[in-house]
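Accompanying notes for the structure given below.
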Amino acid sequence: MERLTYIIEDLDTITKYDSGSEIINKTIFNLIDTVNNVLDSLESSLNKRTISLFFNQSDKKNLKVLGDEKKIHQVLTNLITNSIRYGVKEGTIEIKLKEIENSKILVSIVDNGLGISKEDLPRIFERFYRVEKTRNRDEGGSGLGLSIVKHIIDGHDEKISVQTEEGVGSNFSFTLELYMPDDQL
């Protein structure tokens, strides 16, 4: 029943994006706090799989960005959950934040999990497309998570990319706009 609830919620979210009724409400927020909140909520999943997580906040306590915090929280949750779900036992996940050109921050979630085959890669952001077809459906998600992630990042006018190798792992990265004090909302 719980799985059905998740599927219905994900379908509702996708429908809102398709109809244009889902609004991106950009505010200024601390990305490091948001990442830490996501990690706190996923701690038991990490422990069950005995996966080590590394977050290189590079001694920063504050990294202000412009975006919809609730939706970026969902993006991070979906991507990190996938890294946990398709990670190897006693594997690693690393979250990296790197300032890049044009007042952007690159957020990367890097794992040493199963990776994605070259055949599957072009379709991973499609609705209901599941890379791991033999996996137990009770353990898998709705098949909508990466599609929702893509809609959210596109709604921010940002980019998402993936580098992956089957049997080696994946690196999902997306950009966000850094907040500059003279920016106007």
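The values are calculated or read from the model by the stated rules, or taken from the named source; none is laboratory data. Predicted model, so just to flag it, every value in this text is computed and none were measured. Glycine also receives a Cβ, built like all others from the backbone with ideal geometry; neighbour counts cover every protein chain displayed. The area values use the complete protein model at the heavy-atom level, side chains included, leaving out ligands, DNA and RNA. Shrake-Rupley method; radii C 1.70, N 1.55, O 1.52, S 1.80 Å.
Remarks
- Cα gyration tensor, region 30-97 - rounded (a/c under 1.5), prolate or oblate: prolate
- Solvent-accessible area of residue 42 with every protein chain in place, 1.4 Å probe, in Å² to the nearest 10: 20
- Among 80-87, 175-182, 111-118, 96-103, the order from most to least packed when residues are scored by Cβ within 10 Å on average: 80-87, 111-118, 175-182, 96-103
- Reachable lysines from residue 104, criterion Cα separation under 21 angstrom, eight or more residues apart if same chain: 26, 60, 61, 64, 70, 71, 96, 150, 159
- FRET efficiency, residue 100 to residue 36 (Cβ-Cβ, R0 25 Å, nearest 0.05): 0.70
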